[in-house]
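The numbers here are math on the coordinates, done by the rules we state, and not lab data. Quantities reported herein were computed from a predicted structural model and do not represent experimental measurements. Every residue, glycine as well, gets a Cβ built from its backbone with ideal geometry; the counts of neighbours run over all protein chains shown.
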Amino acid sequence: MEILDFLNYGFIQRAYLAGAAVASLSAVLGVILVLRQLSLIGDGLSHVSFGALALGLFLGVFPLYVALPVAILASYFIMVLKEKTKLYGDAAIAIVSAVGVAVGVILASLAQGFNVNLFSYLFGNILAISLTEVLISVFVSFSVIIIIAYLYHDILAATFDEELAQVSGVKVKRLNFILASLTAISVVLAIKVVGVMLVSALLVIPAVSALQLAKSFKNALIWALIFAVFSVLVGVSLSFITDLPAGATIVMINFFIFLTSWLRKYLKKA
Amino acid sequence: MEIVSVKNLTFAYQANPVLERVSFTVSSGDFIALAGPNGAGKTTLVRLLLGLNQGAQGEISLFGKPLAKFSAWSKIGYLPQRVNKFNPLFPATVIEVVGLGLKKRGSKNKEAANKALDFLGITSLRDRPLTSLSGGQQQKVFLARALVNKPELLILDEPSTALDPESRHSFFSALKKINQEHGVAIIMITHDSASAGSYAKKLLYLDKTVIFYDSFKIFCQSEEMSARFGGFQHLICHQHQG
């Protein structure tokens with residue numbers, strides 16, 4: 001089968017592996033974030049990461065090393081801003097997001113030499129992922145999923161109702177900080193797969209598609225994971241065959257999955 | 001045994017006083033109806049007891065420990081007023097929701113969740129999505145969730161609001177059974193005076209401060225309360241006359 005020869009290429013295999021790992025992580029976190037009405041946090045953190053990536057390029061440091069701590073700090077800042085100032089969740093995200101982009105644009109304008117590199121982070125380039133990046137993506141994604149599995153009961157309780165969870169003995173504030181950190185890690189990893197502009201799609205769309213079908217929380221996590229991994233595998237393949245950008249192709253496949261699952265639900269109701 | 005002790009509790013939202021020098025105790029086996037007019041501070045009092053609101057002056061002890069040091073939350077079951085306002089898109093089955101009340105998961109705890117459903121006669125709903133249930137069924141599911149750890153104290157905030165008369169009767173009968181057969185103390189905020197008089201043993205009447213706290217029998221025989229409450233006393237006392 002000549003058409004499947006591309007599966008033998010190392011860069012395709014690396015893209016499959018890293019993409020599937022990051023997609024699994026994003027999908028699981030996405031269900032939690034969507035149900036907590038924090039869908040836009042991925043968008044906010046990816047925009048902050050844009051500023052941090054620009055800072056890394058500006059200082060000559062490996063950009064993702066700067067983006068990771070900055071994204072984690074930004075996720076805490078969003079939570080504190082939301083809690084202490086009694087802002088709505090999306091308003092806190094909008095503030096942090098706008099500042100992140102502004103910093104990135106100012107640094108890009110000052111440096112004037114790394115716009116090409118910054119552009120690659122904006123739209124991702126999973127087909128150019130290195131073996132080291134694959135290993136980091138797989139290891140970190142696997143570790144984060146283990147942490148989520150360990151905290152599953154508390155996460156489910158707090159996602160359903162924070163106050164009831166608190167009265168059941170769940171340390172909700174601590175849990176929220178852990179989830180914020182995990183989301184920041186997931187966003188930074190996903191930047192390499194789909195780019196700053198499309199990270200939130202990888203978090204939100206598989207989750208929303210899964211919620212059209214799921215009858216239980218566990219069911220939603222499984223469906224989201226299946227949809228996200230499927231979209232990455234098909235997206236990477238299609239991107240190679242058609243010479244379209246991988247990140248955007250992955251997002252469009254996710255969108256078609258969403259349309260199908262929504263249509264199925266709609267027709268079932270009708 | 002004294003399980004709740006409140007001494008001189010005072011609380012204000014910004015400059016508006018909500019509770020003023022509230023003091024009372026709850027013992028094992030008590031079934032207390034917490035009544036009072038709108039804005040009397042009933043829900044605030046319960047939220048302060050549960051540590052959901054902060055910033056009050058005075059002392060709260062739960063099971064002999066100051067609230068700040070209390071950590072045995074599995075001894076308390078809580079059914080809030082707004083359970084019917086949960087996210088309608090949340091994909092949870094009945095057994096998942098009941099299991100949320102458990103401190104830790106595990107096969108023994110799964111059994112506890114099944115037992116709680118069985119106790120309230122809703123085992124058949126076990127695998128149904130929560131959103132597919134009626135208001136009365138959902139209320140029972142949340143009661144099962146509050147009972148799943150076999151608590152020693154159950155706190156309910158207007159539990160009968162969403163219930164039709166038939167569901168209300170079966171709901172209160174379940175509460176009576178929990179209180180009488182299992183010795184669980186109950187504090188129940190209610191505007192349902194007739195049901196409160198029929199099922200609860202004591203009345204805590206709150207209007208920013210404690211106006212009355214004793215058994216229904218004493219409330220119903222008190223001329224002072226009769227002069228103060230008139231119609232309310234008549235409505236609440238038909239089960240306790242004589």
By Cβ neighbour count within 10 Å, fewest first, A:F142, A:F58, B:F63 rank A:F142, B:F63, A:F58
Ordered by fewest other Cβ atoms within 10 Å, a rough proxy for footprinting exposure, B:S173, A:S137, A:S46, B:S61 read B:S173, B:S61, A:S137, A:S46
Per the 1/(1 + (r/R0)^6) rule, R0 = 51 Å and r from the Cβ atoms of A:L59 and B:I211, FRET efficiency to 0.05 is 0.15
In terms of the alpha carbon gyration tensor, root eigenvalues a ≥ b ≥ c, rounded if a/c is under 1.5 and otherwise prolate when a/b exceeds b/c or oblate, the protein assembly as shown is prolate
Connecting every pair of Cα atoms under 10 Å apart in chain B and solving the GNM, the largest mean-square fluctuation among B:P37, B:P80, B:P159 falls on B:P37
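Counting only helical runs of four or more DSSP H residues, what would the 222 nm mean residue ellipticity of chain B come to if each run contributes -39,500 (n - 2.57) and the total is spread over all its residues? Intermediate values should be presented prior to the final figure.
Details: 9 runs with 84 residues, N = 242.
Computed ellipticity for chain B at 222 nm equals -10000 deg cm²/dmol.
Using a 10 Å cut-off around each Cβ, can you sort B:M1, A:M79 from fewest to most neighbouring Cβ atoms?
Ordered from fewest to most neighbouring Cβ atoms within 10 Å, B:M1, A:M79 come out as B:M1, A:M79.
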Within the set A:L59, A:L118, A:L225, GNM on chain A using Cα springs under 10 Å gives the largest fluctuation to A:L59
Count of lysine pairs, chain A, Cα-Cα under 25 Å, sep. 8 or more residues or interchain, comes to 14
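Among rounded, prolate and oblate, which fits the stretch A:2-262 when a ≥ b ≥ c are the square roots of the eigenvalues of its C-alpha gyration tensor, a/c under 1.5 means rounded, and a/b larger than b/c means prolate? Spell out each step's value before the answer.
Values: a/c = 1.86, a/b = 1.15, b/c = 1.62.
Judged from the Cα gyration tensor, the stretch A:2-262 comes out oblate (a/c at least 1.5, b/c at or above a/b).
Please report, in debye to the nearest 20, how large the charge dipole of the stretch A:2-262 is about its Cα centre when each Lys and Arg carries +1 at its beta carbon and each Asp and Glu carries -1 there. Kindly include the intermediate steps, with their values, before the conclusion.
Values: 11 positive and 11 negative charges, 111 e Å.
It comes to approximately 540 debye.
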For B:L206, other-chain or 5+-apart residues with amide H closer than 5 Å (H placed, Pro excluded) are B:A35, B:G36, B:I211
Charge dipole of chain B built from unit charges on the beta carbon (Lys, Arg +1; Asp, Glu -1), centred at mean Cα; most positive-end Cα among B:L9, B:G121, B:A196 is B:G121
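At 222 nm, what helix-only mean residue ellipticity would chain A give, in deg cm²/dmol to the nearest 500, using -39500 (n - 2.57) for each DSSP H run of four or more?
Numbers: 12 runs with 222 residues, N = 270.
Calculated from helices alone, the mean residue ellipticity at 222 nm is -28000 deg cm²/dmol.
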Largest fluctuation, B:I60, B:I178, B:I218 only, Gaussian network model of chain B with Cα springs under 10 angstrom, belongs to B:I218
Other residues with Cβ under 10 Å from the Cβ of A:A18 give, with Lys and Arg +1 and Asp and Glu -1, a net charge of +1
Taking Cα pairs closer than 8 Å and at least 6 residues apart, the relative contact order of the stretch A:2-262 in percent is 32 percent
